[in-house]
Amino acid sequence: MTAKKKKKTLSPSEKSNREILRFTYVIVFLFLCMIGYEGFFLSQKRDEIINNTYNSRLDSFADRVIRGDILSSDGQVLAQTQQQEDGTELRSYPYGDLFAHVIGYSSMGKTGLEAQGNFYMLSSHINLMEQVMREFSGQKNPGDDLYTTLDLELQKTASDALGDRKGAVVVMEPDTGRILAMVSKPAYDPNQVQNQWDSLRTDSESRLLNRATQGVYPPGSTFKIITLLEFMREYPEEYRNFHYDCNGVLEQGDYTIQCYHKTAHGSQNLEEAFANSCNGAFAAIGMMLDQKKLSGTTRELLYDQNLPVPLSYSKSVFTEAAQDDTWQILLTAIGQGKTQITPMHSAMITAAIANGGTLMKPYLMDHVVNAAGETVKAFTPEAYGNLMTASEAEALGTMMRAVVTEGTGSKLKNDQYTVAGKTGSAEFETGKETHAWFTGYAPAENPQLAVSVIVEEGGSGGAAAAPIARAVFDNWFSRNK
Ligand SMILES: [Zn+2]
């Protein structure tokens, strides 16, 4: 027997009630969605969206708030807005070109921390009563002040050491990601940006470019850190027995790779080859590597990837050599060829090695205070992830220590603190002097600072870049023992 469910016929009024009910459910549902999103927006997305440079709403904040200051970590004013007698406002930068790129400017668009911290400096957290009083009397509210991670002494030291050469210096704390100094030269005076805009924009020396985060350079021998890491990964036991006899020139088929100034390094084990930056040995290692795997390792180290960098930056570039392209393989292994990296990214890889393989997100904003000096927001260190294992980082660190004690980084050898690092002398154009690199950290056993230096056309890394890192370390360890 089949039971047929009796179909109920609805009266017209019942039908309409049911539709109204259904409609109500939909509205309630949408309303809940909206409340949910509103909560999400307020708690998560608000700052991000309001601070977006495409959002013109922030500009209208400036009509009601006097832009807050930017300060160094010890409270020195690096940027300040003053009200002029005629009622207009003037943004001034007391240290002139010293912090040009990292602080940026806010007159012709916004760059650097002026852009990154825009939202905070245009927010005012003075008490509500005072705000209302000021609004009534037509006065602007004082914006919040932004304390940075930047260390004035270290910035001065790095800038002086680089002198009038072109290049960049980045200093960060490996275990927190705090950026303590960032220098790019040639620089410009942020007080004059508006006046000199046309000449700055078309400047042949690219003064506006932040070379620390946007300048891409061939890594030269600093790339041997990565070639070495890949070698250890592919030959986990055999790498210890590596041996190479260097006569100053490696011949591979039709190609030759020379050591710096054709120096014959003689019999080299792996540590010696790395410490002396023997091109022949590392080109030979390159020939032993799986190019696809090497490419994978560079990606793990954030080549061709977005970087967790708080300022405008360029991505580093690695181009995988075909397994039969001997010339590209040789060049790639010693950091020449098509590979390019920024000083900031170089500092990040070095910091990760110093920090047991874990990269901390680099950051520049420390905390925000209101006009009464109360902290209204504090930023804390955040891990980005592991770029390598702890044992790989330790093995690389041991090799980098030998660079300073036995090899090309001897300018950093001293009795006060220990340094681990790698030099580089990167060819970039035939007939021109090489770019000088140094990247390293100190103290080797308990790293406090990671430093990357590039001097454009500076010559050898050991002679031109290492002394700049030395000056930075000396200054820091004379104050922090
Ligand atoms: Zn050699």
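Give, as a single signed number, the net charge of other residues whose beta carbon lies under 11 Å from the beta carbon of M400, with Lys and Arg counted +1 and Asp and Glu -1. Working shown, then result.
Numbers: positive: K224, R401, K422; negative: E271, E394.
Once all neighbours under 11 Å are counted, the net charge is +1.
Extension gain for the segment K377 to M108, taken as residue separation times 0.36 nm less the Cα-Cα distance, is 94.1 nm to one decimal.
Checking the table K185/K413; K224/K338; K224/K293; K315/K338; K293/K338; K166/K481 against a 20 Å threshold on Cα-Cα, which pairs fail?
Numbers: K185/K413 27 Å; K224/K338 15 Å; K224/K293 15 Å; K315/K338 13 Å; K293/K338 17 Å; K166/K481 31 Å.
Correct reply: K185/K413; K166/K481.
To make sure I understand, if each residue's beta carbon is the centre and we count other beta carbons within 10 Å, what order do H243, H101 fall in, fewest to most?
Numbers: H243 11, H101 28.
Taking fewest neighbouring Cβ atoms as first place, the list is H243, H101.
With bins 5 Å wide beginning at 0, the percent of Cα pairs of region 317-369 falling in each bin runs 5, 16, 17, 15, 15, 13, 9, 4, 3, 2, 1, 0.
Among rounded, prolate and oblate, which fits region 112-263 when a ≥ b ≥ c are the square roots of the eigenvalues of its C-alpha gyration tensor, a/c under 1.5 means rounded, and a/b larger than b/c means prolate?
Prolate shape, in that a/c is at least 1.5 and a/b is the bigger ratio.
Other residues with beta-carbon under 14 Å from the beta-carbon of Q328 carry, at +1 per Lys or Arg and -1 per Asp or Glu, a net charge of -2. If R0 is 35 Å, what FRET efficiency do you get for W327 and A390 from their C-beta distance, rounded to 0.05? Calculated value: 0.45. Each Lys or Arg adds one and each Asp or Glu takes one away; over the other residues whose Cβ falls under 13 Å from the Cβ of Y260, this sums to 0. Remark: the R22-D63 segment gains 10.0 nm on full extension, using 0.36 nm per residue and subtracting the alpha carbon distance.
Stretch D86-F428 to full length: gain in nm at 0.36 nm per residue minus the Cα-Cα span? Full extension from D86 to F428 adds 117.9 nm.
Report the FRET efficiency, 1/(1 + (r/R0)^6), for S137 and V317, where r is their Cβ-Cβ distance and R0 is 45 Å, rounded to 0.05. Working shown, then result.
Details: r = 56 Å, r/R0 = 1.25.
For S137 and V317, the calculated efficiency is 0.20.
Taking only Cα atoms, what is the 0 to 90° angle, nearest 10, from helix 279-288's long axis to the longest principal axis of the chain? Long axis of 279-288 versus the principal axis of the chain: about 60 degrees. For region 299-306, putting each phi into the Karplus relation 6.51 cos²θ - 1.76 cosθ + 1.60 with θ = phi - 60° gives couplings of 5, 4, 8, 6, 5, 6, 10, 5 Hz, in residue order, rounded to whole numbers and with x for Gly and Pro.
Taking the chain, how much of its Cα-Cα pair set, in percent, is spaced more than 37 angstrom apart? The partial results should precede the final answer.
Working: 44084 of 115440 pairs.
Cα-Cα pairs in the chain separated by more than 37 Å: 38 percent.
Read-outs: derived from the displayed coordinates by stated rules, not from any lab. This is a predicted model, so every value here is computed, not measured. Here the Cβ is made from the backbone with ideal geometry for all residues, glycine too, and neighbour counts use every protein chain on show.
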